[in-house]
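Where a number appears in this text, it was derived from the coordinates with a stated rule and is not lab data. Just so you know, these numbers come straight off a predicted model, no measurement behind them. Reconstructed Cβ throughout: ideal geometry from the backbone, glycine too, with neighbour counts over all protein chains shown.
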Amino acid sequence: MLSKNKTGWLLLSPTIIILVLAGLVPFFYVLYVGFFQWNPLAVDPSLQFDGFASNYRRLIFDEIFLESIWRSIKFSVVTLSIELTLGFLLALSLLSSFPLKSFFRSVHTLPLVIAPIVVGSIFKLFTVQGLGPLPHILKDYFGYTLNYGLNAEQAFWMIVIMDVWHWTPFVTLTLLAGLSALPQDPYESAKIDGANNFQIFTYITIPMMVPVLIVVIFIRLMDSLKIVDEVWMLTGGGPGYATRFTGIHIWKEVFEKRYYGLGSAMSILYLYITIVICWVLYSVMVARGKNED
Amino acid sequence: MKKLLFALVASIFSFSAMAGGHADWFKEAGAPYKGTVLQGVAENTPPGQFAGEVLAKEFEKLTGIKVQLENTSWDQMYDKAIKDMEANSGIYDFVYIEQDIVYDYLNRDFLVNITEGLASNPSLQAPGVSLDDFTTFIDYFKDDTGDVFGVPMEAFIKVYLYRKDLFERADAKAAFRAQYGYGLSPATSFDQYRDNAEFFTHFCAEQGMECWGTTVQGHTGHPASTYEFLESIAPSFGLYNWGVNMDTYQSCVENGGQLNGGRAKAALNFWTQLLPFAPPEALQSTWSEVGSSFAAGRAAQGWVYGENAAWIATDAEKSAVVGNVGVMLPPTAPGVMTQAAAGNGYIGYYDGGAYGIPHSSKNKEATMLWLQFVAMNEHQADWAIAGGRITHKDTYADPKVMAVDEQADGYFTLMRDTGFLYAGAPPFPFHGAGRGAIDPFIYSALAGEMTPEEALDGACQALDTVMADLGYQN
């Protein structure tokens, strides 16, 4: 038994070592740095202890940081809602047969294999004023001026569209896998009982899909809360603060302005907020699932 | 590309000529380091491409030392270089030091003292290479004692470019005079600049041409716009050193600074009011896009970095305005030129950079050889032609450079004769943090979310907070 345990630990040890080195050590280091004032551009570039949690106190009153969090949450809610709706519809469509279905599925999946920074570049090339085709088309055929360098609303929604384009296929594929694995008995019973399609969808499909939905929502929620690359490429966080999501804000504070201490505190606080949001969401969904059972 | 190939061929001839002279020395000096791979990171500019694609190959042929130069975007270059030097990881053997960041690097002791390094190891001193051959631009890379920490590889000024073909059109001249009551000519004052911009925007539209009155480097999410304002527009209005009081490190007027003063507000108003006359891509344009827009013939005039001026004026493969480019000093407010000439101010940015060796480099001696190779007189002319940069005094007189100078409407002559009117960035060790504090306000002013007055009031407060935070105001 002891020998079996030893073998187990031996086999697990590389993973544990990597997790500790790549996950826990940096986390605790960031946690530690977050308690100090530290900017290597300062007259005194060393770590300065400025009272326990002074960075955190400062962040509570930092409007720009708080606005970036609100912007990130708003962005996540909007993109998640659209991606879930679209993804579910597409997954349901892909369950049925139609001509060129395989071709459609392959093409639809393509955005998933593209790196976020490339997605940002593609959208930039398509949408940049004066040179990209989209502003021309919108102006010439619909009389609509697209200039997200000037218009904060457009910039925000352009990022939403980009994220939806990039990640809806992931939602579709995951939900499709879930839908394909659902047992057929409840559907047959419902049909015998005279339920219509909407009732079947609402009372059978959705409840049975809750575990899959939880997984999709969590993965996409966490991903969208930490969006950086695509935004960096497309708008750089502008115009003004319009697309300065928390990830971008932290990057600018840490790597442009070199506020290592404050930036670390921001990271920890944002991680905490992300965990709280996920936990609340998880609790609500699990509770609802239990009630419906 | 053709130009780079030409430069390559020309360089081969130059190096052949060098063979009788210093080539043998480099071969001998490089022998102990044969097989070494030097890693470098720099901004992807025309001069950087020449270094990576031409000089590095020649150096490898001579010495057997391979130079892998990673020419990347401006943001990535800083990100990679600084992270490497902070972590002391030794990934890079040489890094690009932009003139405005050198005070930060020196303050943080990132760089090897090249003067000292060569003095303590005379066997590494290449014959025929002298730091005295450089223009005064090398002074930016010296410490208080005069020791050199970076070997300049590019230096250029930001000039006023205009389309001669448009300004010389008879119908344009007549229409301009009818509308404004004076003759059409390249701008020497801000009012004239604005009139030109407005006029050509309408004129081009009437003629069915895809062109506008002026460039604006106005990206609303990239520091390029802050740089255009602080380093080009503001100084030409007489606002120097970002409006920071250099004794007290305060920038708001109420504390003795100038960043939200009359000159600054006039400058930002002038600049943001040019936007209706700029190509639609202006709000997503950094220095690269401004160069490309002008080269595509999409602007009648503009402030353009000199590294782009030469190719815009001469490279028909990349530029649609070859033969039609005029080069002048940018317009200035009354008194600014006099102040600049007396050394009490400047009219714009003397930009450029150097290659330096981080302390963390694992191949310092081989890199010393590479940096001296870069500093040799023999290939400066070809480099100047390929990249519009000049770092050596003698390069101006080179026949090849003079020929290009003629094609480029005297850009090199202008740089030689008026370079002293320009200046590098102010000596702020907190450069990145300070600029980062100002950025969002400039973006907001450009996007129309704030008035120029509001933006500058906010910017000076943010900058003062940073300078106080970092301990400079004490």
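With the simple model of a label 7 Å out from the Cα in the direction of the Cβ, A:Ala177 to A:Ile192 spans 3.3 nm. Taking every Cα-Cα distance in chain B and sorting them into 20 Å bins from zero, the calculated P(r) comes out as 24, 55, 20, 1 percent.
Residues within the reach of a label modelled at B:Gln273 (point 7 angstrom out along Cα to beta-carbon, backbone nitrogen below 14 Å), restricted to region B:444-474, are B:452-453. Shown in residue order for region B:331-342 are the 3J(HN,Hα) couplings computed by the Karplus curve 6.51 cos²θ - 1.76 cosθ + 1.60 at θ = phi - 60°: x, 9, 6, x, x, 5, 4, 5, 4, 5, 5, 8 Hz (x for Gly and Pro). Mean separation of Cα pairs under 8 Å and 6 or more residues apart, divided by the residue count, gives region B:130-267 a relative contact order of 10 percent. The Cα trace of the protein assembly as shown gives Rg and Dmax of 29.5, 100 Å, the first to one decimal, the second as a whole number. Remark on B:Phe110: its backbone amide H falls under 5 Å from none of the residues 5 or more positions apart or on other chains, H modelled at 1.01 Å from N. Across region B:23-35, computed HN-Hα scalar couplings (Karplus, 6.51 cos²θ - 1.76 cosθ + 1.60, θ = phi - 60°) run 4, 4, 5, 5, 4, 5, 5, x, 3, x, 10, 3, x Hz from first to last residue, x flagging Gly and Pro. Per residue of chain B, the DSSP helices (runs of n ≥ 4 H) give a summed -39500 (n - 2.57) that works out to -13000 deg cm²/dmol at 222 nm.
The separation of region A:15-82 from region B:285-347, counted between C-alpha centres, amounts to 42 Å. Consider a paramagnetic label point 7 Å from the Cα of B:Lys66 along Cα→Cβ; state which residues of region B:75-106 have an amide N under 20 Å from it. Within reach of a label on B:Lys66, which here means backbone N under 20 Å from a point 7 Å along Cα→Cβ, region B:75-106 contributes B:90-95. Applying the Karplus relation 6.51 cos²θ - 1.76 cosθ + 1.60 with θ = phi - 60° to region A:42-59 yields 3J(HN,Hα) values of 6, 4, 10, x, 7, 5, 10, 7, 10, x, 4, 6, 5, 5, 5, 4, 4, 5 Hz, where x marks Gly and Pro. Using only the Cα atoms of region A:138-181, each taken as one equal point scatterer with no solvent, compute I(q) by the Debye sum, divide by I(0), and report log10 of the ratio at q = 0.22 Å⁻¹. After summing over all Cα pairs, the log10 values are -0.77. Taken over region A:194-275, the percentage of Cα pairs per 10 Å bin, counting from 0 up to the bin with the maximum distance, is 16, 32, 22, 15, 11, 4, 0. Using only Cα coordinates, the Kirkwood hydrodynamic radius of region B:157-341 works out to 16.9 Å. Taking amide H as placed 1.01 Å from N in the peptide plane, B:Ile65 has its amide H under 5 Å from the amide H of B:Gly35, each at least 5 places away in sequence or on another chain. Estimated from helices alone, the mean residue ellipticity of chain A at 222 nm is -22500 deg cm²/dmol (sum of -39500 (n - 2.57) over DSSP H runs with n ≥ 4, per residue). Angle check, please: helix B:431-447 long axis (alpha carbons) against the longest principal axis of chain B (alpha carbons), in degrees 0 to 90, nearest 10. Taking Cα atoms only, the helix is inclined about 30 degrees. Placing +1 on the Cβ of every Lys and Arg and -1 on the Cβ of every Asp and Glu, with nothing else charged, gives chain B a dipole about its Cα centre of roughly 840 debye. Rounded to the nearest 0.05, what FRET efficiency do A:Thr85 and A:Tyr32 have when you use their Cβ-Cβ distance and R0 = 41 Å? Taking R0 as 41 Å, the efficiency between A:Thr85 and A:Tyr32 is 0.45.
Could you pull out which residues in region B:153-179 have an amide N less than 20 Å from a spot 7 Å beyond the Cα of B:Asp417, following the Cα-Cβ vector? Residues passing the 20 Å test: B:156-164. Among beta bridges identified by DSSP and lying wholly in the protein assembly as shown, the antiparallel ones come to about 70 percent.
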